[in-house]
1. Loop only by DSSP, 11 or fewer other Cβ within 10 Å of the Cβ. Give me the trypsin sites (Lys or Arg not before Pro) in region 128-230 that pass, ordered by residue number.
2. Could you go through region 268-274 in sequence order and give the Karplus-derived ³J(HN,Hα) for each residue, using 6.51 cos²θ - 1.76 cosθ + 1.60 with θ = phi - 60°, rounded to whole Hz, and x for Gly and Pro?
3. Work out from phi, with θ = phi - 60° and the Karplus expression 6.51 cos²θ - 1.76 cosθ + 1.60, the ³J(HN,Hα) of each residue of region 75-80, listed in order in whole Hz, and give x for Gly and Pro.
4. Put +1 on the Cβ of each Lys and Arg and -1 on the Cβ of each Asp and Glu in region 1-49; which of Ala45, Ile34, Val10 then has its Cα farthest toward the positive end of the dipole?
5. Accessible area per residue, 1.4 Å probe, Å², for region 215-296: what's the number?
6. Using the Kirkwood radius built from alpha carbon pairs, what does the Stokes-Einstein equation give as D for region 20-150 at 20 °C and 1.002 mPa s, in µm² per second?
7. Give me the distance in nm between label points sitting 7 Å out from Cα along the Cα-to-Cβ direction at Thr207 and Ile219, one decimal.
8. For Met163, what residues show an amide H to amide H distance below 5 Å, using hydrogens built from the backbone and excluding near sequence neighbours?
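The values are calculated or read from the model by the stated rules, or taken from the named source; none is laboratory data. Keep in mind it's a predicted model, so treat the numbers as computed, not measured. Cβ placement follows ideal geometry from the backbone for every residue including glycine, while neighbour counts extend to all protein chains displayed. Ligands, DNA and RNA are stripped out before the accessible areas are found, and what is left, the full protein with its side chains, is counted by its heavy atoms. Shrake-Rupley method; radii C 1.70, N 1.55, O 1.52, S 1.80 Å.
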Amino acid sequence: MPAIYPFTAVVGQERMKRALILNAVDPRIGGVLIRGERGTAKSTAARALAALLPKVKVVNSCRFGCDPDQPASWCTECRERAVATQKLPFDLKPIPFINLPVSATEDRVVGTLDIEQAIQKGERHFEPGVLAAANRGLLYIDEVNLLDDHVVDVLLDSAAMGMNIVEREGISFTHPARFILVGTMNPEEGDLRPQLLDRFALSVEITGIRDPRERVMIIENNLAFEKDQDSFRKQWQPHEEKLSRLIATARTLVEQVTYTRRDLLSIAALTASLNVDGHRADLVILKAARAHAAFEGRTSITDRDIALAAELALPHRIKRGPFYQAEISMEDLQERIEQLQGANASAGEPEMTPDEQRQESLEKKKR
């Protein structure tokens, strides 16, 4: 296997790296769409992220990489094995990086059931697809805007549910399909339909770096990597290990991150004020804010976490308003959140229950 360029050696593109890291902390966020010109390290960053993520526990001989500690999400085969043997052995394996080709069909993505074998022999035979290979890993789709819309819809449905269910002629097979979804595209080659665009949780617009010093760093890093890949990776290994530890810790901490009614009101007021359609953005912002707090080692979210999450969750969802066709900065969003909180306070927020009041008081002390 060729050496993979280190994630921490990617110069600039902080928004893109933050969006990828947050999805690595909590894949339930729902993936990230990276839109930008050619040669801006989109695929390099995605592949590098998969390489630095910590190994995961996988049930031995499972074709779908089931988690032995999560029996509720096991595939049909693991459930049947568990009934027979009671205990399933496991191994530690690196997470997979799966590159989905633009020519992929629906059967190639979801897998196929052999109906003829089921009818003739009464045996269920399932041939896994891309979703099975990508489970608990990273699924990368280059030029996602050129992929068939129906295939994109299937991918996004599976990413949202965390399961892949294949049914043919009354025969059903289920397996987990929880993965970090990363799609990249060049807007010059066409855009995604608005319905599909909204299904990507986070979106990042990136361009080539204009600072001459940073461009020189990119040249020097790439030349050093091409000259001696192993030596270059060793040089960046301490940074890679540090980031890997932070992500592993955040994954265990994210479920403990709390939020208050005031935080939810801030998110709802922000999305409502920007005329964002639907409610998906509110949920994405909350999940991403919790992941960011966990990544920084905290157990409660702040206005800054909300602003950083909104900076990634809103650009592809805003159609009109003060930020129309303008880049949303974290500072602008944080200022807007503070203004909305002030307006809510003066208008009088809904009365909180005693439990909510105690929780908010505890969170304020922690901050």
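1. Loop-located and lightly packed - Arg210.
2. 5, 5, 5, 5, 5, 5, 9
3. With coefficients 6.51, -1.76 and 1.60, one gets 6, 4, 5, 5, 5, 5 Hz.
4. Final value for the positive-end residue is Ile34.
5. Counting only protein heavy atoms, the per-residue value for region 215-296 is 56 Å².
6. Stokes-Einstein gives a translational diffusion coefficient of 127 µm²/s.
7. Distance between the two pseudo-spin positions: 2.1 nm.
8. Ala177
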